[in-house]
Amino acid sequence: MSGHDTPIPMSAGKSGPLLGEAHVPGDKSISHRSLILGALSVGETKITGLLEGEDVLDTGKAMQAFGAEVINHGGGSWSVHGVGVGGFAEPDQVIDCGNSGTGVRLIMGAMATSPIAATFTGDASLNGRPMGRITDPLALFGAASYGRSMGRLPLTIIGAENPVPVHYTTPVPSAQVKSAVLLAGLNAPGETIVIEKEATRDHSERMLAGFGAKITSEDTDEGRVITLTGQPELKPQVITVPRDPSSAAFPVCAALIVEGSDVLVPNIGLNPTRAGLYYTLQDMGANLTFENMREEGGEPMADLRAKYSPNLKGIEVPPERAASMIDEYPILSVVASFAEGVTKMHGVKELRVKESDRIDAMATGLRLAGVTVDEGEDWWHVHGLSGDVPGGATCESHLDHRIAMSFLILGMAAQNPVAVDDGSPIATSFPIFEDLMSNLGATIVRTTA
Ligand code: S3P
């Protein structure tokens, strides 16, 4: 789907204590990868707990366009009948990835080493995002690409007829870039090597190994070196998608700032490449505990218990933690607004090229709500108001689900309601957000434009 034709204005107001359990949807990163790797395997991959948000559904449609069969059995249960590595057919329509950078970037990688052409597009947000970071390494495999200026979508990729493996150091800390190169490397003979100076989320590596690819990861002085042997036969898997720690962040952070709250968010993966927010909140003095710590499918898991935390302190977030919490800075900035003192966030240039420029989007809305924010190209500081945030603003969501949800959470704890011009992007990653937050006790409504 391309863009949201009808904006959904929404507003959230001071909310009673948030109480109860919040069952958040499946992990977005793992859901995309389950569909794509399922499509690249021979046979039937069974998936339960798939995130049925627009981003992931768009990836499912794309996999069908490349020749896989994707079946929805209902209730989050899906299966994918794959075509195997190198088995993608040429799609006969443009591939529309909607709002999803992960979807389009991983799929471009997956098709770039097959002798087929495909044209990709998305909504206004996605079509403004940089794709040169993907097409540059894909060119090294032998794929050609023709897009708009600065490599933006709509963009056509002509896959390599005789792909060669590559040795690539990612120029930015990005799991999407790393994953695109690894997926392209699947259909190149020999070893494809990706080096990342800062480790980013490692779901692709873990899942490729699970599907039977030969892949190793080694931490060296140069950074993390990932070596994939091309042209494996991927074996279909039975996948239970864990719940998304990035979605869990919203009810957790809401509970910390709404007076009297006590919320349990069960079954959240705490993969170290994803869990940075939770350690940061604990460093700020949040009453946040990990209950029932365990390991499932090789990943640390816990039930998160978050309670109202009136004594939050602003801190300097360690920049080396940025990759492990990159999607959580918008909601962290909301929590920081309620803390005492300044929260300093540095080394976060990537926030400027997400679904929106997230530093600009949050800084603008927070200022309207009475919070002082300083910013530079790769940093921002939020001056906390020790619990007394005026609110009373209408903020722009910029087609960005996490911006919309962050401002609505702000409204639940601020003195006056906070509105967003368009809550429709929330459906890309967290379609049950309104119901889930209302059931906990939040005051959240759709308003008329
Ligand atoms: C993702 C990687 C991150 C993240 C995005 C999901 C992934 O993007 O922001 O929401 O699933 O690989 P970058 O690779 O651009 O950092």
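The values are calculated or read from the model by the stated rules, or taken from the named source; none is laboratory data. Since this is a predicted model, take the numbers as computed values, not measurements. Positions of Cβ are backbone-derived with ideal geometry, glycine not excepted, and every protein chain shown enters the neighbour counts.
Yes or no, residue by residue, for (1) within 22 Å of the chain's Cα centre (by Cα); (2) in the same structural domain as D303 (by TED's automatic domain parsing):
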| residue | (1), (2) |
| --- | --- |
| K214 | no, no |
| R224 | yes, no |
| E233 | no, no |
| S246 | yes, yes |
| F250 | yes, yes |
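Can you tell which of T121, T113, T156, T170 is away from the ligand (no atom under 15 Å from the Cβ) and touching an Asp or Glu at 6+ places or on another chain (Cβ under 7 Å)?
T121
For the stretch 400-439, which positions are β-branched (V, I, T) and surrounded by 24 or more Cβ atoms within 10 Å (Cβ to Cβ)?
I403, I409, V418, V420, I426, T428
Pick from P173, P165: which is outside any helix (DSSP H, G or I), surrounded by 15 or more Cβ atoms within 10 Å (Cβ to Cβ) and over 22 Å from the mean Cα position of the chain (by Cα)? Lay out the reasoning, then the answer.
Values: P173 fails: over 22 Å from the mean Cα position of the chain (by Cα).
Going through P173, P165 in turn, the sole match is P165.
Of the numbered conditions (1) farther than 26 Å from G16 by Cα; (2) more than 16 Å from the ligand (Cβ to nearest atom); (3) not in a helix (DSSP H, G or I), E291 fails exactly one; give the number of that condition.
The number of the failed condition is (1).
Do we have L57 as in contact (Cβ under 8 Å) with a residue 12 or more places away in the chain and of a type outside the set (K, R) here? Full working, then the answer.
On the way: in contact (Cβ under 8 Å) with a residue 12 or more places away in the chain: no; of a type outside the set (K, R): yes.
Spelling it out, it is not the case that L57 is in contact (Cβ under 8 Å) with a residue 12 or more places away in the chain and of a type outside the set (K, R).
Scan the stretch 213-270 residue by residue and report those that are out of contact with any Ser or Thr (no Cβ under 9 Å at 6 or more places or on another chain), more than 30 Å from S386 (Cα to Cα) and not in a strand (DSSP E or B).
D221, Q231, P232, P242
Can E90 be described as part of a loop (DSSP other than H, G, I, E, B) and either farther than 26 Å from F141 by Cα or not hydrophobic (A, V, I, L, M, F, W, C) (or both)?
Here the answer is yes, as E90 does meet what is asked.
Just name the residue that is nearest to the ligand (Cβ to nearest atom) out of those in the stretch 135-153 that are small (G, A, S) and closer than 16 Å to V353 by Cβ.
Checking each candidate, the answer is G151.
Might you let me know whether the stretch 86-101 holds any residue that is touching a strand residue (DSSP E or B) at 6+ places or on another chain (Cβ under 6 Å), over 30 Å from V24 (Cα atoms), buried (at least 18 other Cβ atoms within 10 Å of the Cβ) and in the same structural domain as G212 (by TED's automatic domain parsing)?
Taking every residue of the stretch 86-101 in turn, at least one turns out to be touching a strand residue (DSSP E or B) at 6+ places or on another chain (Cβ under 6 Å), over 30 Å from V24 (Cα atoms), buried (at least 18 other Cβ atoms within 10 Å of the Cβ) and in the same structural domain as G212 (by TED's automatic domain parsing).
Please tell me if G260 is small (G, A, S) and more than 16 Å from the ligand (Cβ to nearest atom).
Considered against the rule, which asks whether it is small (G, A, S) and more than 16 Å from the ligand (Cβ to nearest atom), G260 comes out as yes.
May I ask you to list the residues in the stretch 31-75 that are crowded, with 17+ Cβ neighbours inside 10 Å, part of a loop (DSSP other than H, G, I, E, B) and of a type outside the set (D, E)?
Matches in the stretch 31-75: L40, G49, L50, L51, G53, F66, G67, A68.
Rundown of residues vs (1) crowded, with 16+ Cβ neighbours inside 10 Å; (2) farther than 14 Å from D244 by Cα; (3) at pLDDT 95 or above, yes/no style:
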site	(1), (2), (3)
A255	yes, yes, yes
S261	yes, yes, yes
P266	yes, no, yes
T280	yes, yes, yes
D283	no, yes, yes
E291	no, yes, yes
L304	yes, no, yes
P310	no, yes, yes
G314	yes, yes, yes
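Hey, any hits in the stretch 114-122 for a residue that's touching a residue at least 40 places away in the same chain (Cβ under 8 Å), in a loop (DSSP other than H, G, I, E, B) and in contact with a Lys or Arg (Cβ under 9 Å, 6 or more places away or on another chain)?
yes
Search the stretch 182-205 for residues that are within 16 Å of the ligand (Cβ to nearest atom) and pair each with any residue that is in a strand (DSSP E or B) and of a type in the set (G, A, S) when their beta-carbon atoms are under 8 Å apart and the residues are at least 6 apart or on different chains.
Correct list of pairs: I195/G223; E196/G223; K197/G223; E198/G223; A199/G223; D202/S217; E205/S217.
Could you check the stretch 223-257 and list, in sequence order, the residues that are farther than 30 Å from V85 by Cα and more than 15 Å from the ligand (Cβ to nearest atom)?
Listed by number, the residues that qualify are P251, V252, C253, A254, A255, L256, I257.
Keeping to the stretch 352-368, report how many residues are surrounded by 24 or more Cβ atoms within 10 Å (Cβ to Cβ), more than 21 Å from S309 (Cα to Cα) and either free of Cβ contacts under 8 Å to residues at least 60 places away in the same chain or over 25 Å from the mean Cα position of the chain (by Cα) (or both).
Qualifying residue count for the region: 5.
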